[in-house]
1. Any residue at all in segment 148-155 that is more than 28 Å from residue 204 (Cα to Cα) and of a type in the set (Lys, Arg)?
2. Which residue pairs have Cβ atoms under 6 Å apart, sit 6 or more places apart or on different chains, and have a first residue in segment 164-182 that is closer than 13 Å to residue 67 by Cα and in the same structural domain as residue 61 (by TED's automatic domain parsing) and a second that is of a type in the set (D, E, K, R) and crowded, with 16+ Cβ neighbours inside 10 Å?
3. Find the residue count for segment 279-307, including only residues that are out of contact with any helix residue (DSSP H, G or I) (no Cβ under 9 Å at 6 or more places or on another chain) and assigned to a strand (DSSP E or B).
4. Would it be correct to say that residue 243 is within 30 Å of residue 22 (Cβ to Cβ), surrounded by fewer than 18 Cβ atoms within 10 Å (Cβ to Cβ) and of a type outside the set (Asp, Glu)?
5. When only residues in segment 258-278 that are in contact with a helix residue (DSSP H, G or I) (Cβ under 8 Å, 6 or more places away or on another chain) and in contact (Cβ under 8 Å) with a residue 60 or more places away in the chain count, which is farthest from residue 306 (Cα to Cα)?
6. Does residue 255 count as farther than 30 Å from residue 30 by Cβ, among the aromatic types (Phe, Trp, Tyr) and in contact with a strand residue (DSSP E or B) (Cβ under 6 Å, 6 or more places away or on another chain)?
7. Would you say residue 10 is farther than 18 Å from residue 160 by Cα and among the polar types (S, T, N, Q)?
8. Against the definition (within 26 Å of the chain's Cα centre (by Cα), in a helix (DSSP H, G or I) and surrounded by 15 or more Cβ atoms within 10 Å (Cβ to Cβ)), how does residue 44 come out, yes or no?
Amino acid sequence: MERARAGDEQAFGELVGPHRRELQVHCYRILGSALDAEDALQETLLAAWQGLAGFEGRSSLRVWLFQIATRRCLNALRSASRRPAVAWPPPGVVGLPEPTRIDEVTWLEPYPDVLLAGLADAAPGPEARYEAREAISVAFVTALQLLPPRQRAVLILRDVLGFRASEAAGILDCTEESVTSALKRARAALRFQHASAAGPPPPGSAQERDLVQRFTQAYEAGDVDRVVALLTEDAWLIMPPVPLRYQGREVAARFMAATAFRPGRSARLVPTRANGQPAFGLYVRDPQSGVARANGLIVLALAGGQVSVLTGFLDNSTLPLFGLPRTLPD
């Protein structure tokens, strides 16, 4: 600490290094964007470096860093410009079924698992209500984005990270009563259910590998029936930020036949992981150029040996975070 306060950058790096990844994930949960989370992390570290002389040690260094990061994220939400609208449906798509539900439009990006390795908050505080794996899932982060920013921050600090009410109040510069009230409202409004009895298989398990292989083979073959057979009866198809949601095998089959598996369209899948879940880079073959072009990412939520939610991210901007190229030789 003394060396860092004296301007030793290496010493500062040793101080904040153990907290970098959990701070970035914290920013991601609040902002819903992996790219914005990286920007917020860099702003947090710069502010900490510049303000280290004023750190009086009345809280732990970790709490102080979370205070800076949380406030940076809330400021970013207040000043965020409108996201560009996503063109939907894509050219050439006709005959779409009626959506099961229309949600509020939320901006959401997938988060690469490679950035979760060694995550410090894998063992959250004793007051946490959510396990680390559940609290990074696409479903949970999506649900967070529908909460008002301050309620979102309170719920993450208390129920995900397990900070005490007094610590959360210090981070947000408010009273414990205010934190308790915001947490109560956030819990009541959160549209998220804990995993069902048929939870996902362990990451990397034989059951997960088998399901991923069968999904890949069916999808690349353009076989709607085989893909749908891997879904649960009440599976959801979602495409943030497009606000249309489709539920059930029958409507999923009609939707896929009109979009992913329409005549003349052929795809390749490149396996990866996102949000603690199996994922794929999606590439659509271009027979004229001889390449397959990136068309977003697919993330699977699993329930036992089936897919309970298929999320299609239509934006390619996060591909570099996954080490995925824009094109593949076909």
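1. yes
2. Every condition considered, the pairs that remain are 168/158.
3. Number of matching residues: 9.
4. It is false that residue 243 is within 30 Å of residue 22 (Cβ to Cβ), surrounded by fewer than 18 Cβ atoms within 10 Å (Cβ to Cβ) and of a type outside the set (Asp, Glu).
5. By that ranking, first place goes to 268.
6. yes
7. Spelling it out, residue 10 is indeed farther than 18 Å from residue 160 by Cα and among the polar types (S, T, N, Q).
8. Judged against the criteria, residue 44 is a match.
The values are calculated or read from the model by the stated rules, or taken from the named source; none is laboratory data. Treat the numbers as computed from the prediction; the structure is a model and nothing was measured. All Cβ positions, glycine included, derive from the backbone under ideal geometry; neighbour counts span all protein chains shown.
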